[in-house]
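Taken together, the values in this text are just the output of simple stated rules run on the coordinates, not laboratory data. What you see is a predicted model; the values in this text were computed from it and never measured. Counting neighbours? That spans all protein chains shown, and the Cβs are built from the backbone with ideal geometry, glycine included.
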Amino acid sequence: MAILADEHTRVIVQGITGREATSFTKDMIDYGTRVVAGITPGKGGQSVHGIPVYDTVRQALREHPAEAAVISVPPALVKGAVLEALENGITLAVVVSERVPRKDTIEFLEVAKVRNARVIGPNTLGLISPGKVRLGMAGGPAADVRKAYMPGPVGIASRSGGMTTEIANLLTTQGIGQSTCIGIGGDPVVGSNFLDLIPLFDRDPETKVVVLFSEPGGVIEEKLSELVMTQKLSIPIIGFIAGRFVDNMPGVRFGHAATIVEGNRGTTKSKIEMFRKAGIHVAESFSDIADIAKRYL
Amino acid sequence: MRLLEHESKRILEKYRIPLPVGRLVSPGELLKIDTPVMLKAQIPVGGRGKAGGILEASDAEDAQQKVSLLLQSNLRGYIPKSVYMEEKKTVRQEFFMGVTYDTVAKAPLAIFSPVGGVDIEELAQQQPELVRKEHFTVASRLPVHRAREIVAETGISGKLLLGLSSVLSTIAEVFLDYDATVVEINPLGLMDDGRLIALDCHMEIDDDAVFRHADIAALEKEIGRVEGEKHMSDFERRAAGIDNLDHRGVAGRVIEFDGNLGLIIGGGGASLTAFDAIRSHGGRPANYCEIGGNPSVLKVKELTRLILSKPGVDKIAVIMNVVSNTRVDLVARGIVKGILESGKNPARTIAVFRIPGAWEEEGFKILSKYGIPIQGRTISIDEAARIAAKNSN
């Protein structure tokens with residue numbers, strides 16, 4: 001089983017005529033994702049890789065019912081696009097766009113909460129449930145996705161899009177498949193963080209173990225450790241925390257917007273300590289991830 | 001983007017939050033003062049008072065000297081470019097109030113404490129009952145009645161409750177209107193006549209929202225607004241220049257280290273992973289970097305040449321995660337070209353080349369042609385780092 005989306009999920013792409021969206025729409029279709037319509041205001045009537053384009057989400061959904069939206073529009077337009085999707089009943093929005101103002105993110109997350117919808121991102125490459133569905137651009141062309149990912153019992157949630165594929169690849173090369181792999185997004189505030197996703201994996205009967213890819217910055221790992229300790233989640237978790245050298249470089253921003261040590265906050269040292277305290281397995285080296293995962297399969 | 005105190009205070013002024021009378025003084029300016037003043041170095045970092053960045057002066061001569069002193073000081077890594085001079089206010093009590101985002105709860109957070117002028121995080125740890133924190137929503141904002149609820153929880157009542165709640169509600173307005181990520185008044189002072197006054201203010205604006213605030217964008221462009229001690233090294237500056245050669249992909253965030261092994265690594269997460277792994281296997285990196293987004297051959301070539309031009313660096317490790325957008329062949333071509341143009345032998349210079357993914361067959365052909373061993377997707381980042389460390393020691 002997959003969490004969030006599967007082969008039956010019907011998908012619209014907002015901003016489908018953009019360069020990036022045009023390209024990943026093709027990759028999604030090639031992988032078997034049910035892309036039913038695209039939206040670009042002002043470009044209704046066109047088509048992209050055979051997918052009809054509409055001016056509004058309402059028009060698109062009237063002709064092609066869908067549950068999920070992949071959103072790739074310029075930063076200033078993201079809030080409007082997500083709200084449009086949510087108001088028209090979309091229950092899963094994957095926001096690929098980067099550099100979204102934080103207030104806008106919070107604002108559409110407030111609406112998503114009221115409407116009981118889920119948001120992945122912003123600033124995410126998306127998610128893949130191997131063999132079933134892929135939302136966004138994770139993994140690149142379908143042929144490359146098939147090389148790196150395969151169906152199986154390991155869930156992945158990662159603060160880095162590229163490392164989502166890298167972890168899947170590490171597991172696949174050792175014959176271990178994945179249930180659902182999610183790039184949660186590199187911003188300080190994302191729609192679904194580790195705290196939101198781990199319970200979903202915990203409830204999924206087919207996911208036997210979850211791998212988390214973490215970086216310096218923020219306190220989400222610390223909060224997750226508290227959750228694991230108080231709620232006694234039963235799913236085994238493997239945490240890999242990259243960027244240990246960043247602990248000695250406070251104030252320097254790395255990779256993603258959220259990857260920064262501020263004073264003593266956000267160090268990998270504190271994350272590792274908290275993980276250990278909570279019984280989360282810390283993979284000392286990247287290759288250890290696969291070795292630890294094997295113990296639970 | 002962190003605003004300077006005087007910039008933040010101009011915003012508070014617009015929202016009619018009472019402030020001490022003050023102005024910026026320029027270096028060498030002849031000062032006339034009749035009452036004691038506070039001289040405050042304008043630097044974009046906290047802990048200014050403890051570092052000696054706030055001085056009191058009682059007459060003009062004293063003030064003049066202290067302004068010059070502040071402008072020559074190195075305070076927490078910054079040399080102040082300006083000094084803000086304010087009338088000295090005597091206060092009966094100090095409070096803390098602030099608004100920020102709780103990134104885990106994904107909501108704005110209002111914070112109030114009847115104890116001000118202290119490090120709020122320390123206080124929250126030692127005496128959590130003195131720090132009141134409550135979430136609110138962007139949609140409902142923080143109306144005065146909500147602010148009143150928060151302040152009243154700390155036991156404050158009467159006229160003071162009304163005054164404090166009004167200021168707290170107002171800074172939440174500032175926070176939302178300006179796309180701030182932090183607005184903090186610490187301390188907010190209570191004067192003998194019962195009025196409240198903002199003695200200091202810390203404000204940070206979301207970098208991704210500056211585009212819709214013309215006034216903040218103008219500040220950001222001001223030359224010589226702040227001067228940090230952390231200068232880029234010459235090497236880092238030249239690397240940044242390479243990243244600006246064209247708009248195709250990034251070959252950026254180069255940070256210099258003192259080792260012997262040059263690194264061309266990417267993207268963000270994989271660079272952090274590879275750097276740690278190389279060190280743990282005993283390798284000594286000469287630099288950190290993040291390439292990605294399919295950089296041009298030109299950029300990769302120039303970055304390779306730059307890294308190889310560092311004294312003592314004769315090996316380069318090339319490690320990326322399985323790529324989907326960046327093309328393996330273009331990176332391979334850039335690196336080989338850079339090595340050849342540096343007058344070196346590619347096979348002997350590359351400590352490891354490990355980039356699987358898009359266009360890998362074409363990339364591997366280029367590597368084979370120059371006798372460079374191919375590490376495919378079955379070699380993990382960690383294993384690649386081990387090989388690189390071994391080949392560079």
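Can you tell me what share of the DSSP beta bridges in chain A is antiparallel? A percent to the nearest 5 is fine.
Roughly 20 percent of the DSSP beta bridges within chain A come out antiparallel.
Tell me which of A:V94, A:I106, A:G152 sits at the most positive position along the dipole axis of segment A:92-201, charges placed on C-beta atoms (Lys, Arg +1; Asp, Glu -1).
After comparing all options, I get A:G152.
Out of the DSSP beta bridges found with both residues in the protein assembly as shown, what percent are antiparallel (nearest 5)?
55 percent
For a 29 Å ceiling on Cα separation, which of these pairs sit above it: B:K66/B:K89; A:K43/B:K221; B:K14/B:K89?
Over 29 Å apart, Cα to Cα: A:K43/B:K221.
Identify all aspartates and glutamates with a Cα-Cα distance to B:K310 below 16 Å; exclude those on the same chain that are fewer than 8 residues away in sequence.
B:D234, B:E236, B:E256, B:D258, B:E302, B:E341
Going Cα to Cα from A:K232, which lysines come in below 20 Å? Please leave out same-chain ones fewer than 8 positions away.
Those lysines meeting the cut-off are A:K208, A:K223, A:K271, A:K277.
Can you give the alpha-carbon Rg of segment A:141-191 over 2.2 N^0.38 Å, where N counts its residues?
Rounded to two decimals, the normalised Rg is 1.14.
Just want the answer: with Cβ charges of +1 for Lys and Arg and -1 for Asp and Glu, which residue in B:A389, B:L39, B:N345 is farthest toward the dipole's positive end in the protein assembly as shown?
It is B:N345.
Which whole-number value in Å³ per residue fits the convex hull of the alpha carbons of segment B:253-294?
55 Å³
What translational diffusion coefficient, to the nearest whole µm²/s, does chain B have by Stokes-Einstein, given a Kirkwood radius computed over alpha-carbon pairs, a temperature of 20 °C and 1.002 mPa s viscosity?
87 µm²/s
Can you list the lysines whose alpha carbon sits under 26 Å from that of B:K369, skipping same-chain ones fewer than 8 residues off?
A:K147, B:K299, B:K301, B:K315, B:K337, B:K344, B:K390
Can you give the average number of partner chain beta-carbon atoms within 10 Å of each beta-carbon in peptide A:282-295, as a whole number?
Average per residue, whole number: 3.
Which whole-angstrom value gives the distance between the alpha carbon centres of segment A:105-163 and segment B:195-212?
Here the two parts' Cα centres lie 35 Å apart.
Report the residue, chosen from A:G183, A:G80, A:G131, that carries the largest GNM mean-square fluctuation when chain A is represented by alpha-carbon nodes joined by springs under 10 Å.
Result for chain A, Cα springs under 10 Å: A:G80 fluctuates most.
Taking the Cα centroid of segment B:62-124 and of segment A:9-46, what is the distance between the two, rounded to the nearest whole Å?
Their Cα centres are 49 Å away from one another.
Based on the alpha carbons, how large is the Rg to Rh ratio for segment B:254-393 when Rh follows Kirkwood?
Reported Rg/Rh, Kirkwood definition of Rh: 0.91.
Can you sort B:S58, B:S392, B:S82 by how many other beta carbons sit within 10 Å, fewest first?
B:S58, B:S82, B:S392
Sorted from fewest to most neighbouring beta carbons within 10 Å, what does the list B:V313, A:V246 look like?
Ranked by crowding around the Cβ, least crowded first: B:V313, A:V246.
Over all directions, what mean area does the Cα convex hull of the protein assembly as shown project, stated in square nanometres?
Seen from a random direction, the Cα hull of the protein assembly as shown projects 31.4 nm² on average.
From the helices alone, meaning DSSP H stretches of at least four residues, give me the mean residue ellipticity at 222 nm for chain A, per-run term -39500 (n - 2.57), in deg cm²/dmol to the nearest 500.
Roughly -10500 deg cm²/dmol at 222 nm, from the helical runs in chain A.
Specify the angular offset, from 0 to 90 degrees and rounded to the nearest 10, of the alpha carbon long axis of helix A:19-31 from the longest principal axis of the alpha carbons in chain A.
80 degrees
Taking the Cα centre of each part, how many Å lie between segment A:193-210 and segment B:273-297?
31 Å
In what sequence do B:V104, A:V189 fall when counting other Cβ within 10 Å, fewest first?
B:V104, A:V189
About the Cα centre of segment A:10-294, how large is the charge dipole given +1 on each Lys and Arg Cβ and -1 on each Asp and Glu Cβ? Please answer in debye to the nearest 20.
220 debye
With both bridge residues required to lie in segment B:218-371, what share of the DSSP beta bridges run antiparallel, to the nearest 5%?
Roughly 30 percent of the beta bridges in segment B:218-371 run antiparallel, per DSSP.
Calculate the all-directions average of the projected area of segment A:10-294's alpha-carbon convex hull, and give it in nm².
Quarter of the Cα hull surface area: 14.1 nm².
What angle, in degrees between 0 and 90 and rounded to the nearest 10, separates the Cα long axis of helix B:381-392 from the longest principal axis of the Cα atoms of chain B?
The two axes meet at around 70 degrees.
Mind checking the log10 I(q)/I(0) for segment A:97-216 at q = 0.13, 0.14, 0.15, 0.17 Å⁻¹? Debye, one equal scatterer per Cα, no solvent, two decimals.
-0.48, -0.56, -0.64, -0.81
Under 25 °C and 0.890 mPa s, how fast does segment A:182-228 diffuse according to Stokes-Einstein, given a Kirkwood radius computed over C-alpha pairs? Answer in µm²/s, whole number.
Rounded to a whole number, D works out at 212 µm²/s.
Can you give me the orientation-averaged projected area of the convex hull built on the Cα atoms of segment A:202-297, in nm²?
6.4 nm²
Going by alpha carbons, how many degrees (0 to 90, nearest 10) lie between the helix axis of A:220-231 and the longest principal axis of chain A?
It works out to around 80 degrees.
Would you report the distance distribution of C-alpha pairs in segment B:70-110 as whole percents per 10 angstrom bin, up to the bin with the largest distance?
19, 20, 34, 26, 1
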